[in-house]
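No value in this document is a laboratory result; all are computed from the given coordinates. Only a predicted model underlies this, so the values are computations on that prediction, with no experimental measurement involved. Cβ coordinates were reconstructed from backbone atoms using ideal geometry, including for glycine residues, and neighbour counts include every protein chain displayed.
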Amino acid sequence: MKAIDNKELILALEELENEKGIDKSYLMDAIEQALLTAYKRNFDSAENVKVAIDRITGEAHLYAVKEVCEVVEDAKLQISLEDANKISKKLQIGDTVDVEMVPKDFGRIAAQTAKQVIIQKLREAERDIIYTEFNERKGEIVSGIIQKADSNIVVMDLGKLEGVMPLKEQIPTEKYHVNDKIRGFVLEVTRGLKGNPQVTVSRACPDFVKRLFEFEIPEIYEGLIEIKSVSRDPGYRSKVAVYSTNPNIDPVGSCVGQKGVRIQNIINELNGEKIDVIEWNEDPSIYIASALLPANVMAVDINNEEKFAQVIVPDDQLSLAIGKSGQNARLAARLTNWKIDIKSESQFREMITNMQKINEEENKSKE
């Protein structure tokens, strides 16, 4: 078989390896398979054949793989011991030997077929590299230019591929426009029907807020402050619980920053979403009371077995503790992972009074 522009082939493969990071040996294997496919397709051969490319010179050779037999019954698959020994004196009955072939007019069609398969392998390799690269970035924040924005989906140009932000991962209070540059959290990396990497980006998930805190607060990035939990109503309000084992570090103050500068950068990224930063505490009573900020809490009665907390607040703090449409209470429950029931002081006193009356009536009936 005629060599495939030997030196040029080797140089081209080395260039692809350096520029695109595609392993040269992988490409060599792909070319061998391509040439083998082209041969079988165009010559309809019943022979057991293989293609080998010299890794140093780039020369390609086609071989018929034959079994050494005492009596040859099928010349396409077998070879006599006498003929085999002309290739190597070490060959014996039962061995296999590669017999080089020089097919006539391997031809334009075969070459084109091989070229198409090679291109396909190159594309597959590039897709694999991009998939691996972005799969390793899962859980990180990426920046992109909006290419498409409608009521259901936002498509971002992330450089080497597109990122998709479905409706449920969008912040409902935001408006997205083509050519805007935005940031998002890499939620998932999958392969499409044709093997193309697909990146799902989110601006609505709690982890996006967590990553923004890591960007803006050096103490979090350095591990001096830990984010214990995040709960979020995207576009409206988030609650972030932080903690530090160092008694000299004020975790809440460090996150808010002097005159609120640090937290304001995060609020700006989220287009005005309100953020409550609270200090985590191993005592659930203290933690739950803090989670209900900005409301003041009078008392917290907890049931550890059921992870249920009864919270009492001043009468004038009830609506603030519950929040609009129950938002504050709901976010506090998600943040702490406790069921929370909030009652005003008056409601609690009334509840106690009613319970006392019931007990008195039960005692009288027993008498």
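Is the shape of region 221-363 best called rounded, prolate or oblate, per the rule: a/c under 1.5 gives rounded, else a/b larger than b/c gives prolate, else oblate, with a ≥ b ≥ c the square roots of the Cα gyration tensor eigenvalues?
Values: a/c = 2.74, a/b = 1.96, b/c = 1.40.
Taking the square roots of the gyration eigenvalues as a ≥ b ≥ c, region 221-363 is prolate.
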Quiz item: Karplus couplings for region 344-359 from phi (6.51 cos²θ - 1.76 cosθ + 1.60, θ = phi - 60°), rounded to Hz, Gly and Pro as x?
Solution: 6, 4, 5, 4, 5, 5, 5, 5, 5, 4, 5, 5, 5, 5, 5, 5
Practice problem: Place +1 on the Cβ of every Lys and Arg and -1 on the Cβ of every Asp and Glu in the chain, take the dipole about the Cα centre, and give the residue among Thr353, Ile153, Val199 whose Cα lies farthest towards its positive end. | Solution: Ile153
Quiz item: Sorting Cys205, Cys255 on the 10 Å Cβ count, fewest up front, what's the list?
Solution: Cys205, Cys255
Quiz item: When the dipole is taken about the Cα centre of region 205-280, and only Lys, Arg (+1) and Asp, Glu (-1) are charged at their Cβ, what size is it in debye, to the nearest 20?
Solution: 220
Self-check item: Loop-located trypsin sites (Lys or Arg not before Pro) in region 292-344 whose Cβ has at most 16 other Cβ within 10 Å (DSSP)
Solution: Lys307
Quiz item: Among His177, His61, what is the fewest-to-most ranking by other Cβ atoms within 10 Å?
Solution: His177, His61
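If you put +1 on each Lys and Arg Cβ and -1 on each Asp and Glu Cβ, how big is the dipole of region 52-96 around its Cα centre, in Debye rounded to 20? Display every interim value, and only then the final one.
Details: 6 positive and 9 negative charges, 43 e Å.
The dipole magnitude comes to about 200 debye.
Based on the alpha carbons, how large is the Rg to Rh ratio for region 7-59 when Rh follows Kirkwood?
Numbers: Rg = 12.8 Å, Rh = 12.1 Å.
Dividing the radius of gyration by the Kirkwood radius yields 1.06.
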Quiz prompt | Residues Thr200, Thr96, Thr353 arranged by fewest to most Cβ contacts within 10 Å | solution = Thr353, Thr96, Thr200
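Just how large is the dipole of the chain about the Cα centre, in debye to the nearest 20, putting +1 at every Lys and Arg Cβ and -1 at every Asp and Glu Cβ? All intermediate terms of the calculation are to be shown ahead of the outcome.
Values: 49 positive and 62 negative charges, 202 e Å.
Rounded to the nearest 20 debye, it is 960 debye.
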Quiz item: How far is helix 107-135 tilted off the main Cα axis of the chain, in degrees rounded to 10, range 0 to 90?
Solution: 20
Quiz item: Relative to the longest principal Cα axis of the chain, at what angle does helix 206-216 sit, 0 to 90 degrees, rounded to 10?
Solution: 90
Exercise. Take the alpha carbon gyration tensor of region 205-280, find the square roots of its eigenvalues, order them as a ≥ b ≥ c, and report rounded if a/c is under 1.5; if not, report prolate when a/b exceeds b/c, else oblate.
Key: prolate
Quiz prompt | Amide H within-cut-off set for Asp276, under 5 Å, with H built and near neighbours excluded | solution = Ser238, Lys239, Val240
Quiz prompt | Value of [θ]222 nm, deg cm²/dmol, for the chain, DSSP H segments ≥ 4, -39500 (n - 2.57) each, nearest 500 | solution = -12500 deg cm²/dmol
Quiz prompt | Phi-based couplings in Hz for region 187-197 (Karplus 6.51, -1.76, 1.60; Gly and Pro marked x) | solution = 7, 7, 10, 10, 9, x, 4, 9, x, 6, x
Practice problem: Using amide H atoms built 1.01 Å from N in the peptide plane, name the residues 5+ places from Ala295, or on other chains, whose amide H lies under 5 Å from its own. | Solution: none
Quiz item: Where does the chain land on Rg/Rh, using Cα atoms and the Kirkwood Rh?
Solution: 1.29
Quiz item: Can you list the residues, at least 5 places off or on another chain, whose amide H is less than 5 Å from the amide H of Gln78, using H built in the peptide plane?
Solution: Glu67
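With Cβ to Cβ distances under 13 Å as the rule, what net charge do the other residues near Val242 carry (K, R +1; D, E -1)?
Working: positive: Lys210, Lys228, Lys239, Arg262; negative: Glu214, Glu216, Glu219, Glu226, Asp250, Asp276, Glu279.
In short, -3.
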